[in-house]
Amino acid sequence: MAPNYVVPPNASPAHRSFAQYINSWNAMDLDALAKTMDDEKFMWSMFPTSLNIPPLSKAQAVPYLKDVLLPTINSFVFKILTVTEPNNSIVISHLQGEAVSKLGNVLKNEYLIVLNFVPSKIEGELPKISTYTEFMDSKALTDFQAAEAKAKAGVAAK
């Protein structure tokens with residue numbers, strides 16, 4: 001079972017939303033993950049730009065996660081290193097992530113993420129993520145992708 005990120009007792013609503021987002025990833029719960037995203041404004045941007053990953057809206061991100069990413073991995077766990085809140089609608093976090101693919105490859109990556117939040121349209125709900133900006137270790141990602149391609153080629157050759 002993946003660890004849960006526990007917020008401090010005085011956490012802002014945005015910080016609590018951030019925790020829901022991280023814990024949804026750790027549980028690989030796509031429904032819970034999608035509920036943290038604003039339906040209209042959500043935009044997921046991944047950097048560096050040299051990775052050539054286009055920004056994804058919620059309408060694009062959820063099917064990508066469901067059909068492309070999540071079926072290829074057994075687990076994905078984030079470890080939070082720092083969380084900073086410059087105001088009540090932005091959370092910045094430095095974290096490490098580890099994913100294990102269905103082919104047995106391990107991705108160990110480091111991230112800096114900036115999340116902007118907007119109020120939920122449903123009274124009493126936590127704020128929703130409007131923009132999610134992710135900076136990652138591109139070498140770790142491309143090495144993982146190469147290992148995955150090599151493993152798939154080995155499986156296909158059998």
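The values are calculated or read from the model by the stated rules, or taken from the named source; none is laboratory data. All of these numbers come straight from a predicted model, not from anything done at the bench. Using ideal geometry, Cβ is built from the backbone for each residue, glycine included, and neighbour counts are taken over all protein chains shown. Areas reflect the complete protein model, heavy atoms only, side chains present, ligands, DNA and RNA absent. Shrake-Rupley method; radii C 1.70, N 1.55, O 1.52, S 1.80 Å.
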Subset of segment 122-144 (residues that are free of Cβ contacts under 8 Å to residues at least 40 places away in the same chain and under 22 Å from Pro13 (Cα atoms)): Ile122, Glu123, Gly124, Glu125
Residue list for segment 27-45, restricted to those being open to solvent by 10 Å² or more (accessible area, probe 1.4 Å) and in contact with a Phe, Trp or Tyr (Cβ under 8 Å, 6 or more places away or on another chain): Met28, Met43, Trp44, Ser45
Given (1) open to solvent by 70 Å² or more (accessible area, probe 1.4 Å); (2) closer than 27 Å to Val6 by Cβ, index of the condition Val114 fails: (1)
Failed criterion for Asp143 (all others in (1) closer than 24 Å to Asn4 by Cα; (2) modelled with pLDDT of 95 or more; (3) open to solvent by 60 Å² or more (accessible area, probe 1.4 Å) hold): (1)
Any chance Pro9 is open to solvent by 70 Å² or more (accessible area, probe 1.4 Å) and at pLDDT below 95: yes
